[in-house]
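FYI, it's all coordinate maths here, none of it is from the lab. Note that the coordinates shown come from a computational prediction; the quantities given were computed from them, not determined experimentally. All Cβ positions, glycine included, derive from the backbone under ideal geometry; neighbour counts span all protein chains shown.
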Amino acid sequence: MSELDDTIHRVTQRVIENSRASRAAYLDLMKREGDRKPEHKDIACSNLAHAFAGALEDQQAMKNKRGPNIGIVTAYNDMLSAHQPYGRYPDRMKIYAREVGATAQVAGGTPAMCDGVTQGEDGMELSLFSRDIIALSTGVALSHQMYDGIACLGICDKIVPGLLMGALRFGHLPTVFVPSGPMPSGISNKQKQETRQKYAAGEIGRDALLESELGSYHSPGTCTFYGTANSNQMMMEMMGLHIPSAAFVQPGTKLRQSLDRAAVHRIAELSGTTERTLAQVVDEKAIVNAVIGLLATGGSTNHAIHIPAMARAAGIVIDWNDMAELSSVVPLLARVYPNGSGDVNQFHAAGGMAYVIRELLDAGLAHRDILTVSEGGMDAYTAEPVLDGDDLGWSPIGETRDDTMLRAVGEAFQPDGGMKLVTGNLGRACFKSSAVSRERWTVQAPCRVFQTQADVVAAFKAGELDKDVVVVVRFQGPRANGMPELHALTPSLAVLQDRGHKVALVTDGRMSGASGKVPAAIHCTPEAKGGGPLSLLQDGDVIRLCAETGELSTTADLSERTPAPDPEVAWGVGRELFRMMQTHADGAERGASAMLASAGL
């Protein structure tokens, strides 16, 4: 067992110092909220009658306050495969609560959109700001002040960050996140990727593509690639907000139900105490652990935005400099598609999060001394759940069961975490080097400038990009159009790369948790809208993108240029309803949140 790595200690202390005033203000608010939280017996009888009226068989227990009342905030809908299992969770959770003398109510629901459905479509422009809506919905759900603990039901991209951001404003209460698990594995990810590229190249038709996609996304549960949804579950483990090793157990299994039951029992046990409230669990060290887990597993680039936003909701300040410095010492321990060939089910079978956490803790590469919802602290997360008949227990993790996708610290796939900060006269951006072959870490080529994904695809089909090229897609930032993911460009750019061209993407938009083999500088800030550097580029300007040196620059003289005009405001698919959020959003590095910016957080 090693002492904490010096760099991780130094970055953590910097985060603590930079957060000193805002964290103190947050904790003071949580103390005041805890002190003034009305006991059920002190709420007016008419108010209580409204709260108890729909409780049916729990009504007498709630009236007599015979035990804690758990508020369930659910992101259920049956359009998201990952959230479809949540439909029956509340009924089961109420039974689990009664087993330990508690009650449970659905406090409220939040929206939950699927980025997989909206990818490349106009609706994707609502995606990032749905995180703020989810946080606000969580606040509305919990504002009734009828609850002694919180159960958050959510998995996918913006949903877990939004739930956590909202729940943190009720951080005087204990909170457990309850996942539902990944769907069983379908066709291989390599086969899926090859089919997508064949379609982009015009070699197969839409029917063949649809059959391939249906073979991949085929049943209830989280998509099995290691994107933002599964990275969310990893982070909840690294921060101690799950029952240990609950992240990747499939839905509909006896083990899954046993873990769900344990989660409800644990919330009931913690309710009424002040030892492991959400505000205490999510501290500076827990946030640093989340970053470390992201780096060690090659997780989603979306969390370069979500982690700063979640941290701010807890009064904690962390930025891309901190994340890049952590990346320099955290080795890559996992290769899960799109960074490898296996999916999250194979990752879990190889040892999964229990193995990763054990390796990080023993090497001094993560904080062991954080509070978690588990009594056993972070050490409890180094064991995997097992059933002995009906009894749930945990068994210490052994060695990796598949070293092609999961390795020890001493045999890591690469010595760093592969999340690079690139800077220069084009601003600051993120580069996920863990997903890109090292020989492609540097691209220098003339650029082609676009303002929509559709224009890029049209140019590709017309053969205009069949050369060394840096594709710039601008006016995709939070204030311009809500910062959509541009993952739909990946197949076309990958085809160009496979033809032998040097290709890169530079954008103030996002890519995806499935960001893959094409080098990309994403989340560029300042964004193009309002005169950011990308707005000054012209076709043919030479751009250099280098993950080795951390460079994002152009040789063009931008000093005398006039910014390109902002694009026209888009209407349709509800986008106009989100105009207020675009107007008030802050930059990507701060989390791209209108809600937090407007609240002065």
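In what sequence, highest mean first, do 563-570, 490-497 appear when ranked by Cβ atoms within 10 angstrom?
Values: 563-570: 13.0, 490-497: 22.0.
Top to bottom by mean Cβ count within 10 Å: 490-497, 563-570.
How large is the Rg to Rh ratio of the stretch 483-601 when both quantities use alpha carbon positions and Rh follows Kirkwood?
Working: Rg = 16.2 Å, Rh = 16.4 Å.
With Rh from the inverse mean 1/r over Cα pairs, Rg/Rh is 0.99.
With a 10 Å radius around each residue's Cβ, average the other Cβ atoms per peptide and rank 359-369, 317-327, 157-167, highest first. Don't skip to the answer; put the middle values down first.
On the way: 359-369: 20.2, 317-327: 22.2, 157-167: 29.0.
Packing order, densest peptide first, comes out as 157-167, 317-327, 359-369.
Please give the direction-averaged projected area of the C-alpha convex hull for the stretch 516-574, in square nanometres with one decimal. Could you put the intermediate results ahead of the total?
Numbers: hull surface 25.1 nm².
Value for the stretch 516-574: 6.3 nm².
Based on the Cα gyration tensor of the stretch 419-567, what are the three equivalent ellipsoid semi-axes, each the root of five times an eigenvalue, rounded to whole Å and given largest first? Let's see the in-between values first.
Numbers: eigenvalues 82, 56, 48 Å².
Here the semi-axes work out to 20, 17, 15 Å.
If I histogram all Cα-Cα distances within the chain using bins 10 Å wide from 0, what percent of pairs lands in each bin?
3, 18, 28, 27, 16, 6, 2, 0
Quick one: if the Förster radius is 35 Å, what FRET efficiency do residue 402 and residue 122 give, using the C-beta to C-beta distance and rounding to 0.05? If you can, show how the numbers build up before the last one.
Working: r = 41 Å, r/R0 = 1.16.
For R0 = 35 Å, the calculated efficiency reads 0.30.
Assuming 0.36 nm per residue, please report the length gained on full extension of the stretch residue 16 to residue 60 beyond their Cα-Cα distance. Present the calculation step by step, with values, prior to reporting the outcome.
Working: separation 44, 0.36 × 44 = 15.84 nm, distance 4.61 nm.
Full extension of this stretch gives 11.2 nm more.
To one decimal place, what orientation-averaged projected area in nm² is obtained for the convex hull of the Cα set of the stretch 287-362? Mind dumping the intermediate values first?
Numbers: hull surface 21.1 nm².
For the Cα atoms of the stretch 287-362, the hull's average projected area reads 5.3 nm².
At 222 nm, what value in deg cm²/dmol follows for the chain if DSSP H runs of at least 4 each add -39500 (n - 2.57) and the sum is divided by all its residues, to the nearest 500? Mind showing how you got there, number by number?
Working: 23 runs with 223 residues, N = 601.
Estimated from H runs of four or more residues: -11000 deg cm²/dmol.
Cross-link partners among lysines for residue 65, C-alpha distance below 29 Å, same-chain residues fewer than 8 apart left out?
In chain and number order, the partners are 31, 37, 41, 94.
Order these peptides, 80-87, 292-299, 43-50, 583-590, by their mean beta-carbon neighbour count within 10 angstrom, highest first.
Values: 80-87: 22.9, 292-299: 27.8, 43-50: 11.9, 583-590: 20.6.
My ranking of the peptides, most packed first, is 292-299, 80-87, 583-590, 43-50.
On a straight-distance basis, which lysines could pair with residue 502 in a cross-link, Cα separation under 29 angstrom, same-chain partners fewer than 8 positions away excluded?
Of all the lysines, those that pass the test against residue 502 - Cα under 29 Å, at least 8 places apart if same chain - are 190, 192, 198, 420, 432, 461, 467, 517, 529.
Pairs of Cα atoms under 8 Å, at least six residues apart: use those to get the relative contact order of the stretch 419-567, whole percent. Before the final figure, lay out the partial values.
Details: 353 pairs, mean separation 49.6, N = 149.
Across the stretch 419-567, relative contact order equals 33 percent.
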